[in-house]
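Student: Sharing a structure, written as structure tokens. Questions coming.
What follows is calculated from the coordinates using simple rules that are stated; it is not laboratory data. No experiment lies behind these values; they were computed from the predicted model shown. A quick note on method: Cβ atoms are made from the backbone with ideal geometry, for glycine too, and the neighbour counts reach across all protein chains shown.
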Amino acid sequence: MNARIPLRRRRYAEVRRTLLAREEIALLDVREEHSHAQAHPLFAANLPISRLELDAHWKLPRRDVAIVTLDAGEGHAEQAAERLAALGYTDVSVLEGGIDGWQTDGGELFRDVNVPSKAFGELVEAVRHTPSLSADELHRLIDDGVDHVIVDARRFDEYHTMSIPGSISVPGAELALRAPALAPDARTLIVVNCAGRTRSLIGARPHDQ
């Protein structure tokens with residue numbers, strides 16, 4: 001039987017230096033999404049251990065990328081590191097102390113998912129003053145017959161699961177390509193919808209700003 005190779009470990013300070021230097025690193029939270037959403041480092045990507053073999057090949061296309069796995073002490077980080085090494089990844093280590101170690105050593109933890117992109121969306125709104133409508137306001141516009149089109153900027157599978165009645169699926173960057181055909185009259189009100197408003201904020205930003 002082959003002896004197990006001891007897992008390498010990296011502490012918060014080393015990972016932080018790498019991130020600040022903008023060096024390439026994949027900081028992977030291998031817990032399930034719900035646990036990840038409760039508290040995680042800002043630039044930690046969620047790759048649940050339950051989907052590791054399914055998703056690693058396209059989320060981590062280069063086998064020599066520096067990878068650091070983390071969890072909250074469940075042992076998933078070690079398991080994930082071993083499985084990634086078995087898949088051919090050559091620079092894999094485990095975050096020393098996991099989530100608790102990150103916080104104890106001075107690192108900040110964030111709640112929710114897709115935090116960097118959501119923060120960017122909020123910045124766009126604050127700087128560009130992106131207009132918005134409440135659900136009640138939109139309902140009144142629909143009832144009043146105001147010329148409008150509702151576009152849903154989420155992926156099609158999200159749109160298919162749940163959407164605003166009468167909305168049209170226009171995922172992501174398709175909005176810029178399809179908006180002229182969906183609303184040929186420049187006076188038509190275009191309402192952009194998504195799940196957590198980040199994609200709406202980016203999609204609704206006037207092109208001339």
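Student: Considering only DSSP beta bridges where both residues belong to the chain, give the percentage that are antiparallel (nearest 5).
Tutor: Numbers: 1 of 20 bridges.
Antiparallel: roughly 5 percent of the beta bridges in the chain.
Student: Note down the magnitude of the dipole of the chain about its Cα centre, charges +1 on Lys and Arg C-beta and -1 on Asp and Glu C-beta and zero elsewhere, to the nearest 20 debye.
Tutor: Magnitude of the dipole: close to 600 debye.
Student: Let me ask another. Which far-off residues, 5 or more places away or on another chain, put their amide H under 5 Å from the one on ALA195, with H placed in the peptide plane?
Tutor: none
Student: Is the range 70-123 rounded, prolate or oblate when judged by the Cα gyration tensor, a ≥ b ≥ c being the square roots of its eigenvalues, rounded requiring a/c under 1.5 and prolate requiring a/b larger than b/c?
Tutor: Details: a/c = 2.75, a/b = 1.57, b/c = 1.75.
The shape class here is oblate.
Student: Can you tell me how the range 122-204 classifies by the Cα gyration tensor, rounded, prolate or oblate, using a/c under 1.5 as the rounded cut?
Tutor: Note, shape of the range 122-204 comes out rounded.
Student: Let me ask something else. For LEU189, enumerate residues with amide H under 5 Å from its amide H, sequence gap 5+ or separate chain, H modeled in the peptide plane.
Tutor: HIS148, VAL149
Student: Cβ neighbours within 10 Å, averaged per peptide: list 15-22, 194-201 in order, most packed at the top.
Tutor: 194-201, 15-22
Student: In degrees, nearest 10, range 0 to 90: what is the angle between the Cα axis of helix 76-86 and the longest Cα principal axis of the chain?
Tutor: Relative to the chain, helix 76-86 is tipped by roughly 80 degrees.
Student: Roughly how tilted is helix 115-128, in degrees to the nearest 10 and between 0 and 90, from the longest Cα axis of the chain?
Tutor: Approximately 30 degrees, to the nearest ten.
Student: Tell me the mean residue ellipticity at 222 nm calculated for the chain from its helices only (DSSP H runs of n ≥ 4, each -39500 (n - 2.57), averaged over every residue, nearest 500). Write out the running numbers ahead of the final one.
Tutor: Values: 10 runs with 86 residues, N = 209.
About -11500 deg cm²/dmol.
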